[in-house]
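What follows is one structure encoded as structure tokens, with my remarks underneath.
The values are calculated or read from the model by the stated rules, or taken from the named source; none is laboratory data. Just so it is clear, the structure is predicted and the values come from calculations on it, not from any experiment. In this analysis, Cβ positions are derived from the backbone assuming ideal geometry, glycine residues included, and neighbour counts consider all displayed protein chains. Calculation scope for accessible area: heavy atoms of the full protein, side chains included, ligands and nucleic acids excluded. Shrake-Rupley method; radii C 1.70, N 1.55, O 1.52, S 1.80 Å.
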Amino acid sequence: MFKKITLTLIALIAAASISNAQHVNVAKAYGYSPLFVEGVVGANAVYDAKKLTSFTPGGQIAIGYQFLPQVLIRGSVQLGSAKPLMLNDGWFTENTFFRAGVAFDIAWDIINTIDEDNVKDFYHIQPYLRFQEMFGIAKEKSVAAFVAGAGLRNTFKLSDKLDAVLDLNAVLSRERNWHESAGYFIFVYAGAGIAYKF
């Protein structure tokens, strides 16, 4: 598990280094800094069969690159806690467990698609697809699952270097990875934070 996380972080750092070499040309062409890091603090919940667990703390650290005005990619590490939805479904633990994930997102900037002259606007809305290796870690047992989902990244320009970020995402997971049941359920995350543009 930690080997996968380490390899993913190394790949993200390498990608950031390569993309930073192109930073000057892209910034000159489009008038914005394409490489950014962000930190978001929020909450996790689990949704299944029209039921939602209470929210538990979570956070996300990410590095991203907007290689076109309309498209950006982002790699992130998401950490926090989560609760089993229904214990009688045979969850791998009966307690709140540590939730971790390494994710890759590809996002579409709707505002820049409508008009590239808007790259410096105050507000940008960016729906994205997410692919994530997720881990549940408890004293009794640990589980891992590859999940996919979608999210919505909203940015609000504070300065040329800083954006406020509101991030909402949800990933779909097979139930059998987490407890003794068939079907699927959804991990939900909502958070707010800051993005710094280099």
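Taken over the range 165-177, the criterion of being open to solvent by 40 Å² or more (accessible area, probe 1.4 Å) and either on the phi > 0 side of the Ramachandran plot or assigned to a strand (DSSP E or B) (or both) is satisfied by LEU166, LEU168, LEU172, ARG174. Checking each residue of the range 104-115 against the condition of being more than 20 Å from the chain's Cα centre (by Cα), touching a residue at least 40 places away in the same chain (Cβ under 8 Å) and open to solvent by less than 50 Å² (accessible area, probe 1.4 Å) gives at least one match.
From the list ALA27, ALA49, ALA16, the one residue that fits, being at pLDDT below 85 and exposed (fewer than 14 other Cβ atoms within 10 Å of the Cβ), is ALA49. Within the range 52-76, being among the small types (Gly, Ala, Ser) and either on the phi > 0 side of the Ramachandran plot or surrounded by 15 or more Cβ atoms within 10 Å (Cβ to Cβ) (or both) holds for GLY58, GLY59, ALA62, GLY64, GLY75, SER76.
Within the range 56-77, residues that are outside any strand (DSSP E or B) have Cβ atoms under 7 Å from residues that are hydroxyl-bearing (Ser, Thr, Tyr) and open to solvent by 10 Å² or more (accessible area, probe 1.4 Å) in these pairs: PRO69/TYR30; GLN70/THR113, counting only partners at least 6 apart in sequence or on another chain. Taken as a whole, the condition of being among the aliphatic types (A, V, I, L, M), more than 14 Å from the chain's Cα centre (by Cα) and open to solvent by 50 Å² or more (accessible area, probe 1.4 Å) applies to LEU162. Residues in the range 164-193 that are closer than 25 Å to ILE106 by Cα and among the aromatic types (Phe, Trp, Tyr): TYR184, PHE185, PHE187, TYR189.
Among the residues making up the range 30-46, those that are small (Gly, Ala, Ser), open to solvent by less than 30 Å² (accessible area, probe 1.4 Å) and part of a strand (DSSP E or B) are GLY42, ALA43, ALA45. Tallying residues that are at pLDDT 95 or above and more than 18 Å from ALA103 (Cβ to Cβ) within the range 164-190 yields 1.
Scanning the range 124-151 for residues that are without any contact (Cβ under 8 Å) to a residue 40 or more places away in the chain and either closer than 24 Å to SER81 by Cβ or out of contact with any Ser or Thr (no Cβ under 7 Å at 6 or more places or on another chain) (or both) yields ILE125, PRO127, LEU129, PHE131, ALA145, PHE146, ALA148, GLY149, ALA150.
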